[in-house]
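To start, the structure under review is shown below, and the notes come after it.
The values are calculated or read from the model by the stated rules, or taken from the named source; none is laboratory data. For clarity, every value in this text was computed on a predicted model and none was experimentally measured. Cβ placement follows ideal geometry from the backbone for every residue including glycine, while neighbour counts extend to all protein chains displayed.
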């Protein structure tokens, strides 16, 4: 009897109820945006329209969750065609033909409070990889009217573009720079459970 109880307990612990679920980022419901100082006077905003990612959510053991995310640099948009072309192609800027993607792959997840996590991983931009920790706010899960299980994820961080080899600059007559060094990155994502896992 005791042996049967142990077997039953092990079976329950390893059942799919406790399995991690994979969520796929929906780029039609989200934003990957940034802003940078221009002439020391204003903030120029832009975004990347083409990105994808997967988030493995382990609700029972959040520290076992993981994230992989990729942005296609050529999708940059600042509402200025000429500027966007320069950003994509200019030397010392994104150089999208040579460095077509920006990627993040998590290595550690640490709970920081209710629905808040620090997610550390390898961040690669312009061919340079550095360790980066992102503060993540988790929203959900919810089930939408079409029976899709979804989570929301939000983060904001500040990057120094020169740390990643994006070194273009132009000095004004007064000594200031046309572009600032710090870039504020804001990401808001919606992700849905993979269809082949929806029946778990």
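Suppose we filter the stretch 106-119 for residues that are part of a strand (DSSP E or B), loosely packed, with under 15 Cβ neighbours inside 10 Å and out of contact with any helix residue (DSSP H, G or I) (no Cβ under 9 Å at 6 or more places or on another chain); how many remain? Give the derivation first.
Keep residues of the stretch 106-119 that are part of a strand (DSSP E or B), which gives 106-113, 116-119.
Right, trim to loosely packed, with under 15 Cβ neighbours inside 10 Å and you get 107-108, 110-113, 116, 118.
From what is left, the residues that are out of contact with any helix residue (DSSP H, G or I) (no Cβ under 9 Å at 6 or more places or on another chain) are 107, 112-113, 116, 118.
Total meeting the criteria: 5.
Anything in the stretch 120-143 that is touching a helix residue (DSSP H, G or I) at 6+ places or on another chain (Cβ under 6 Å) and in a strand (DSSP E or B)? List them, or say none.
Within the stretch 120-143, the first condition is being touching a helix residue (DSSP H, G or I) at 6+ places or on another chain (Cβ under 6 Å), and the residues that meet it are 125-126, 128.
Those that are touching a helix residue (DSSP H, G or I) at 6+ places or on another chain (Cβ under 6 Å) and in a strand (DSSP E or B): 125, 128.
Okay, residues lined up against (1) out of contact with any strand residue (DSSP E or B) (no Cβ under 6 Å at 6 or more places or on another chain); (2) free of Cβ contacts under 8 Å to residues at least 12 places away in the same chain:
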{"position": "110", "(1), (2)": "no, no"}
{"position": "124", "(1), (2)": "no, no"}
{"position": "129", "(1), (2)": "no, yes"}
{"position": "136", "(1), (2)": "no, no"}
{"position": "140", "(1), (2)": "no, no"}
{"position": "146", "(1), (2)": "yes, yes"}
{"position": "150", "(1), (2)": "no, no"}
{"position": "191", "(1), (2)": "no, no"}
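Give 175, 152 a once-over and let me know the one that is more than 30 Å from residue 97 (Cβ to Cβ) and either part of a strand (DSSP E or B) or modelled with pLDDT of 95 or more (or both). Can you show your working first?
Details: 175 fails: either part of a strand (DSSP E or B) or modelled with pLDDT of 95 or more (or both).
Testing whether each residue is more than 30 Å from residue 97 (Cβ to Cβ) and either part of a strand (DSSP E or B) or modelled with pLDDT of 95 or more (or both) leaves just 152.
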